[in-house]
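Written below as structure tokens is the structure these notes are about.
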Amino acid sequence: MANRHRRIQLLSSVACLALATACGGGTNDETGVESGGAEDGRPVEVSGGVVSGTVSDLDPAVAVYRGIPYAAPPTRQLRWRPPEAVKPWEGTRAADSYAPGCPQVFREPESYFGPGADTIDEDCLYLNVWTPAGDAAAGLPVMVWIHGGALTRGTGALPGYRGDRLAARGVIVVTINYRLGLFGYLAHPLLSAESEHNSSGNYGVLDQLAALRWVQENIAAFGGDPGRVTIFGESAGAWSVSILQASPLARGLFHRAIGQSGGRFSGTARLRDSSMVGPSAEEIGASFIEGMLASNQRLTMELGEDVPVELEFMRRATAGEILDYMARGDTPFRTSENVDGWVLEQSVYDTFLAGAQHDVPVIVGANADEATSLDFSREPVDLASHRAQVQEMFGELASEHLGVYPATDAQSAHKAALDSATDVGFNWEMRTWARMMGTVSSDAYLYFFTRLAPGEDSALGAFHGAEVIYVFDNLDLTPWPPNISRQFDGIDRQLADLMASSWVNFASTGDPNETGSPVWPRYDASEDRVMVFGDTAESIPHPRSAHLELLDRYQESRRVGGGG
């Protein structure tokens with residue numbers, strides 16, 4: 001791996017300091033650390049030891065703790081295993097800088113989603129905390145952010161995810177790292193065989209669960225209420241939120257959920273059997289490992305010819321060697337969670353259909369023009385090839401698709417392709433999520449983001465990820481992409497204030513509404529109304545209702561043909 005990596009060294013310790021559980025102020029007799037009061041970044045006792053933070057440079061009433069370990073480094077023999085308990089350290093650990101992101105293939109810096117992370121390292125299971133609490137008795141609601149990036153890229157340290165301004169509204173914000181790509185989602189028969197659950201491939205999900213358990217055990221020391229935890233995320237972060245809501249292992253770890261532009265209702269891979277999304281996770285993983293080891297001259301020499309693949313050699317490969325092979329793309333790898341009978345007992349769709357998901361209120365929604373900033377949007381589209389692709393994908397529904405998404409020339413075909421991709425990948429997922437909450441008692445709130453970010457790329461509309469900095473009220477912190485200049489106006493700032501307040505209200509009470517703001521009604525499938533966040537904010541009938549009804553029939557035909 002290139003020397004762009006930075007490792008946060010854990011200090012060794014002969015004993016683990018006691019876990020802070022006090023719900024009020026006071027002093028620990030053994031450590032002398034005050035258990036209440038994080039407003040100035042003073043030391044706080046957590047699992048593994050004591051951490052000290054800093055004062056926010058955006059708001060002096062907010063303390064920030066960066067780079068707190070929530071699990072042991074998943075390296076060497078811990079690679080491709082469930083996360084283990086954090087290793088204790090002696091003294092006070094300075095939580096004043098972000099940890100590296102988890103290993104990933106970098107994007108171009110000019111990407112709409114940035115390079116993914118500035119630095120990477122396998123030792124990456126860390127989280128960050130923003131708190132306005134004056135003492136541990138504050139009992140503030142907690143918001144845990146799961147970053148996006150297709151489960152292959154990203155980090156909880158991106159500037160747009162800074163929690164200072166949400167925290168200033170009276171919540172504690174936590175952002176996390178979790179294992180990505182092959183490191184987080186490799187399933188393999190040998191890995192399943194060594195697992196006490198006969199499972200493999202869901203390590204990224206298990207990391208997220210470990211971070212949520214850390215929050216349950218430690219957030220009270222920062223002034224948080226472990227009984228009011230909201231998980232929220234965008235893109236693959238929202239995929240993860242839907243997975244966690246379906247996972248039996250997440251019971252009691254969160255109490256509200258927010259999914260922005262991503263769900264897993266169109267199918268879930270299975271560990272050992274094929275599904276509507278393709279071959280089994282073990283089959284995909286075994287093919288990749290065989291290709292990687294065969295192409296690695298160093299490991300081939302050590303392994304010898306015609307010797308079966310062994311876990312020892314899988315774990316002997318360096319992170320750099322794995323990433324290099326992934327970047328080459330010689331053997332495709334599908335980065336995805338899987339139904340393994342432990343982390344997931346059945347597909348996300350089937351879990352919700354049975355009403356077996358965690359019965360917590362949700363906010364879910366998507367943007368009007370999600371696909372415009374994604375890589376395939378720059379591919380040329382001509383009318384003939386577009387119609388052929390629609391026919392191949394939609395079959396007997398193709399003519400109806402061409403009616404709902406009209407295409408008469410190359411320009412309209414390009415727009416139809418983008419609109420269809422936006423609805424298939426995002427709007428259908430989010431409305432389905434809201435509708436399937438009808439199998440439990442908790443409320444769902446559905447939104448539709450339409451605001452055009454000011455800038456020379458305004459023709460892209462409300463593209464994928466455009467809403468994130470409004471939710472965090474971080475308009476001035478994130479030039480995205482870096483070569484685009486944006487001049488936000490009063491409408492943008494009012495919208496950011498409204499969205500941030502709505503998200504915080506929801507985290508506090510399970511209802512995003514507050515006096516003086518536009519009324520956001522609970523989702524009712526019979527009315528199919530959404531809260532539009534755009535130049536104005538109002539509840540209206542879903543603008544894509546006819547399109548999504550078509551996609552309901554399309555997805556049903558896929559389920560009949562390929563299972564959940």
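Data table
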read-out	value
Filtered residues of segment 476-497 (kept if hydrophobic (A, V, I, L, M, F, W, C), surrounded by fewer than 20 Cβ atoms within 10 Å (Cβ to Cβ) and part of a helix (DSSP H, G or I))	Ile491
Failed item, numbered, when Thr155 is tested on (1) closer than 28 Å to Asp359 by Cα; (2) surrounded by 24 or more Cβ atoms within 10 Å (Cβ to Cβ); (3) of a type in the set (Ser, Thr, Tyr)	(1)
Residue that is nearest to Val348 (Cα to Cα) [pool: residues in segment 530-541 that are without any contact (Cβ under 8 Å) to a residue 60 or more places away in the chain and surrounded by 14 or more Cβ atoms within 10 Å (Cβ to Cβ)]	Ser539
Any hit, segment 276-283, residues being in a helix (DSSP H, G or I), in contact (Cβ under 8 Å) with a residue 40 or more places away in the chain and of a type in the set (Asp, Glu)	yes
Candidates Ser517, Ser557, Ser526, filtered to the one that is assigned to a loop (DSSP other than H, G, I, E, B), closer than 30 Å to Glu396 by Cα and among the hydroxyl-bearing types (Ser, Thr, Tyr)	Ser526
Residue list for segment 224-269, filter: crowded, with 24+ Cβ neighbours inside 10 Å, of a type in the set (A, V, I, L, M) and outside any helix (DSSP H, G or I)	Val229, Ile231, Ala257, Ile258, Ala269
Residue that is at pLDDT below 95, at negative phi and surrounded by 21 or more Cβ atoms within 10 Å (Cβ to Cβ), where the choices are Ser420, Ser373	Ser373
First in segment 139-153 and touching a residue at least 60 places away in the same chain (Cβ under 8 Å) and within 20 Å of Gly252 (Cβ to Cβ), second anywhere and in a loop (DSSP other than H, G, I, E, B) and β-branched (Val, Ile, Thr), Cβ under 8 Å, 6 or more apart	Leu140/Val171; Pro141/Val171; Val142/Val171; Met143/Val171
Count of residues meeting criterion [at pLDDT below 95 and buried (at least 21 other Cβ atoms within 10 Å of the Cβ)] in segment 498-521	0
Test: Ala286 is assigned to a helix (DSSP H, G or I) and either closer than 19 Å to Val362 by Cα or more than 24 Å from the chain's Cα centre (by Cα) (or both)	yes
Single residue of Ser420, Ser442 found to be in a helix (DSSP H, G or I) and of a type in the set (S, T, N, Q)	Ser420
Any hit, segment 542-563, residues being in contact with a strand residue (DSSP E or B) (Cβ under 8 Å, 6 or more places away or on another chain) and surrounded by fewer than 16 Cβ atoms within 10 Å (Cβ to Cβ)	yes
Exclusive hit being assigned to a loop (DSSP other than H, G, I, E, B) and at pLDDT 95 or above, set Val381, Val364, Val360, Val307	Val360
Residue that is surrounded by the most Cβ atoms within 10 Å (Cβ to Cβ), among those in segment 112-127 that are among the acidic types (Asp, Glu) and under 19 Å from Leu182 (Cα atoms)	Glu122
Counted residues, segment 377-393 - those being surrounded by 12 or more Cβ atoms within 10 Å (Cβ to Cβ) and either among the basic types (Lys, Arg) or touching a Phe, Trp or Tyr at 6+ places or on another chain (Cβ under 6 Å) (or both)	1
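The values are calculated or read from the model by the stated rules, or taken from the named source; none is laboratory data. Worth saying up front: this structure is predicted, and the values here are computed from it rather than measured. Here the Cβ is made from the backbone with ideal geometry for all residues, glycine too, and neighbour counts use every protein chain on show.
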